[in-house]
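For reference, the structure is listed below as structure tokens.
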């Protein structure tokens with residue numbers, strides 16, 4: 001996949017002036033173009049997190065960039081829909097964390113069939129699950145997905161960039177409200 005074009009992001013942020021929008025744009029540009037994530041990984045994570053946030057402009061940008069690359073429609077769809085699955089799981093596991101996980105709530109009983117064999121592959125799906133869990137603020141899910149990524153051999157630099165990307169996208173979504 002070629003370098004990620006930033007011009008559409010420049011156009012998106014053009015109405016916003018000042019130090020904060022400039023810093024956010026620079027942070028996003030660095031993460032998309034010079035970070036530890038491949039271009040495809042960064043765009044898939046951008047799509048999942050933006051979808052989770054309801055950040056339509058950024059979701060559209062990520063979809064367009066992925067469609068222009070060699071990413072299948074099934075993969076793009078799974079990345080976007082992963083936000084829904086993680087929203088459900090993040091909400092449920094935050095509930096369990098809040099109540100202290102008493103015995104009667106031990107089994108989630110929620111269908112999550114895609115986790116058995118994701119179209120994106122296990123590692124990439126875990127990366128998206130981690131990034132969405134970060135932005136959704138589910139401590140137990142962040143810990144679980146971070147451990148799965150580390151156990152799977154994903155370098156700390158990639159995991160860190162996923163967390164930073166989630167944070168920057170949240171900031172941009174807040175700015176543009």
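Rule-based calculations on the coordinates, nothing more; no lab input. What you are looking at is a predicted structure, and each value in this text was computed from that prediction instead of being measured. Note that we place each Cβ from the backbone using ideal geometry, even for glycine, and neighbour counts take in every protein chain shown.
Over its Cα atoms, what ratio of radius of gyration to 2.2 N^0.38 Å does the chain give? Numbers along the way, then the final one.
Values: Rg = 16.3 Å, N = 177, 2.2 N^0.38 = 15.7 Å.
Cα-based Rg divided by the globular estimate yields 1.03.
Based only on other Cβ atoms within 10 Å, what is the fewest-to-most ordering of 37, 110? List each step's numbers first, then the result.
On the way: 37 23, 110 10.
Going from least to most buried by this count: 110, 37.
Among 125, 55, 98, which one shows the biggest mean-square fluctuation in a GNM of the chain, springs joining Cα atoms closer than 10 Å?
98
Against the longest alpha carbon principal axis of the chain, how many degrees, from 0 to 90 and to the nearest 10, is the axis of helix 156-175 turned?
70 degrees
To the nearest 10 degrees, how steeply does helix 39-53 sit against the main Cα axis of the chain, on a 0 to 90 scale?
Taking Cα atoms only, the helix is inclined about 70 degrees.
Once the convex hull of the C-alpha atoms of segment 39-108 is built, how many Å³ does it hold per residue, rounded to a whole number?
Values: hull volume 6.1 nm³, N = 70.
Roughly 87 Å³ of hull volume per residue.
Over the chain, with a Gaussian network built from C-alpha contacts below 10 Å, which listed residue (20, 159, 76) shows the highest mean-square fluctuation?
Between 20, 159, 76, it is 20 that shows the largest mean-square fluctuation.
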